[in-house]
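One structure below.
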Amino acid sequence: MDKLIIEGGRKLQGEINISGAKNAALPLIAATLLAPGWHVIRNVPDLRDTKTILALLESFGAVWKRDGNVLSINTEALTNLEASYDLVKTMRASILVLGPLLARMRKARVSLPGGCAIGARPIDFHLDGLSKMGARLDLEEGYVNASTGNRLSGGNIYFDIPSVTGTENILMASVLAKGVTVIKNAAREPEVGNLIDMLISMGADIEGKDTDRLIIHGVKDLRPAEVTTIPDRIETGTYMVAVGATGGEVTLRNCNPNHLPALTEKLKAAGLIIEETENSFFVSRPSKIQSVDIKTQPYPGFPTDLQAQLMALMSMANGLSVITEKIFENRFMHVAELKRMGAEIKINGNSAIVKGSKRLKGARVMATDLRASASLVVARLAAEGITEISRIYHLERGYEDMVGKLQALGANVRKEKE
């Protein structure tokens, strides 16, 4: 395994390009299963998770090739319909192959997924929705066995809580179903919109993009698509928070400021100067960070995937902040590691009370999940001394070339073998 060595205390300066969004690329890749032929997906980040889902598609019989950030995938010949545990165990998004396989091939066997240990994240939403569309489902020895004698049928699907992957899976299943499917309380994240754009370009009939009510008129078949992955709003937000932690001036290019309304307002309230263009952010921190409270919410609320990074920033702020996690019940595992660096944080139920203004110090820390890893990097960039961050394979699941990008901004960071 690899580790990061970071010597903190340097202001970030310069500009970097934001990569394509991991959480958008994964469902786009899964959607290629819906139609035979060559699909082209641009702006695909080179990450552990994208490699995992490509290996999964390859196990089904698909072939693919990459030219820079352009991915071409041919799903003409699908000879295997089982997503094995060995491939699925590292990434919860692997469940996204269930809907398209069932819709096109009318059969699938998918292992229950793994991934970051940040909460239950049950797949009940996926299974309940597919069941209402006529799928026969059986859980056996850690696998979901799914089948349907004929095409799936449209139905009314309601999510008690907006689920991004649940919405995406039902979307992909419904585009080839008979009749009309209505998804109520659907997730509105930009990544869902990116998938809808791809499905429409394949010939799907979908109404309600960017709303919580989606209406899908099923069609008999689809054609291959060409699509561009949206910029990664979580990567963008992580670097914005890092500027807040270290100071300096950074321009983030190839991003979409419209995708980060809640974070932008909170960082401005904390004292950052943020200027936007159509596809860039300019971020600077002229003075000491002030404390702000946040509560994670489904989009367009504050993203749960930026909660850990914001907590690291608040540990350096003036005053007391309260950070409330409303999405995942176990997303405070980074607290123990931040406290090892001197942060003053107390947990009260699903809230963290952060007492800021204390300079963090170097300490050996361990990444526990993807976004917790990013929070440790943010904290470490601003802290005194030298720190090792171990188990950075979590980080490499979601951030393309973070070491290179931070080095380009003047950070003293390098990767070494454990």
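Here, each number is a calculation from the coordinates, and none is a lab measurement. Computed from a predicted model, the values in this text were never measured in an experiment. All Cβ positions, glycine included, derive from the backbone under ideal geometry; neighbour counts span all protein chains shown.
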A convex hull over the alpha carbons of the stretch 330-392 yields, per residue, a volume in Å³ of 70
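Pull up the DSSP beta bridges for the stretch 278-418 and report the antiparallel fraction as a percent, rounded to 5.
On the way: 10 of 17 bridges.
Among the beta bridges of the stretch 278-418, antiparallel pairing accounts for roughly 60 percent.
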When DSSP assigns beta bridges and you keep just the ones with both residues in the stretch 22-228, what percent turn out antiparallel, to the nearest 5? 75
Relative exposure of Ile274, Ile215, judged by other C-beta atoms within 10 Å (fewest first): Ile215, Ile274
Starting with the highest mean, order 139-150, 183-194, 304-315, 284-295 by the number of other Cβ atoms within 10 Å, averaged over the residues of each peptide. 304-315, 183-194, 284-295, 139-150
Among all the aspartates and glutamates, which ones have a C-alpha under 15 Å from Lys417's C-alpha, if same-chain residues fewer than 8 places away are not counted? Asp2, Glu388, Glu396
Dipole magnitude of the chain, debye to nearest 20 (Cβ charges: Lys/Arg +1, Asp/Glu -1, about Cα centre): 740
Cα axis of helix 22-31 to longest principal axis of the chain: angle in degrees, 0 to 90, nearest 10? 10
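How big is D, in µm² s⁻¹, for the stretch 267-319 by Stokes-Einstein at 25 °C and 0.890 mPa s if Rh is the Kirkwood radius over C-alpha pairs?
Numbers: Rh = 12.2 Å.
It comes out at roughly 201 µm²/s.
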Give the order of Met133, Met91 when sorted by the count of other beta carbons within 10 angstrom, beginning with the fewest. Met91, Met133
log10 I(q)/I(0) for the stretch 1-97, Debye formula on C-alpha points only (no solvent), q = 0.17 Å⁻¹, two decimals, reads -0.77
Compute log10 of I(q)/I(0) for the stretch 228-277 with the Debye formula, placing one identical point scatterer on every Cα and leaving out solvent, at q = 0.19, 0.23, 0.25 Å⁻¹, to two decimals. -0.58, -0.86, -1.02
With 10 angstrom as the radius, rank His259, His217 by how many other C-beta atoms surround their C-beta, starting from the fewest. His217, His259
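When the Kirkwood radius is taken over all Cα pairs of the stretch 1-46, what Stokes-Einstein diffusion coefficient follows at 25 °C and 0.890 mPa s, in µm²/s? Let's see the in-between values first.
Numbers: Rh = 14.4 Å.
Reported coefficient: 171 µm²/s.
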In nanometres, what is the gap between the two model label sites at Tyr393 and Ser147, each 7 Å from Cα along Cα-to-Cβ? 3.5
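For the stretch 298-358, report the convex hull volume of the alpha-carbon atoms normalised per residue, in Å³, without decimals. Walk me through the intermediate numbers first.
On the way: hull volume 4.4 nm³, N = 61.
Taking only Cα atoms, the stretch 298-358 has a hull volume of 72 Å³ per residue.
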Residue list for the stretch 311-345, given a label point 7 angstrom along the Cα-to-Cβ vector of Ile161 and an amide N cut-off under 12 Å: 325-331
Ile215-Lys339 FRET efficiency (beta carbon distance; Förster radius 41 Å; 0.05 resolution): 0.30
Using Cα positions and a limit of under 24 Å, work out the lysines in reach of Lys415, with same-chain residues fewer than 8 apart set aside. Lys3, Lys11, Lys22, Lys51, Lys339, Lys361, Lys405
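Given 37 °C and 0.692 mPa s, compute D for the stretch 309-418 with the Stokes-Einstein relation, Rh being the Kirkwood radius over Cα pairs; round to the nearest whole µm²/s.
Numbers: Rh = 14.3 Å.
Calculated translational D: 230 µm²/s.
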Can you tell me the 0 to 90 degree angle between the C-alpha axis of helix 233-246 and the longest principal axis of the chain, rounded to 10? 10
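What FRET efficiency comes out for the pair Ile347/Gln297, r = Cβ-Cβ distance, R0 = 30 Å, nearest 0.05? List each step's numbers first, then the result.
Numbers: r = 20 Å, r/R0 = 0.65.
Approximately 0.95, to the nearest 0.05.
For the stretch 22-228, which semi-axes, largest first and in whole Å, follow from the square roots of 5 times the eigenvalues of its Cα gyration tensor? It would help to have the intermediate numbers written out before the result.
Values: eigenvalues 95, 76, 60 Å².
Each semi-axis is √(5λ); the values are 22, 19, 17 Å.
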How much length is gained if the chain between Leu78 and Lys65 is pulled fully straight, taking 0.36 nm per residue apart and subtracting their Cα-Cα distance, in nm to one decimal? 3.0 nm
Going through the stretch 317-416, which GluC sites (Glu not before Pro) have at most 15 other Cβ atoms within 10 Å and a DSSP loop state? Glu329
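How large is the helix-only mean residue ellipticity at 222 nm for the chain, computed as the sum of -39500 (n - 2.57) over DSSP H runs with n ≥ 4, divided by its residue count, in deg cm²/dmol to the nearest 500? Each step should come with its number before you reach the end.
Details: 14 runs with 129 residues, N = 418.
After summing the helix terms and dividing by residue count, I get -9000 deg cm²/dmol.
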Using alpha carbon centroids, what distance separates the stretch 337-406 and the stretch 130-186, in Å? 38
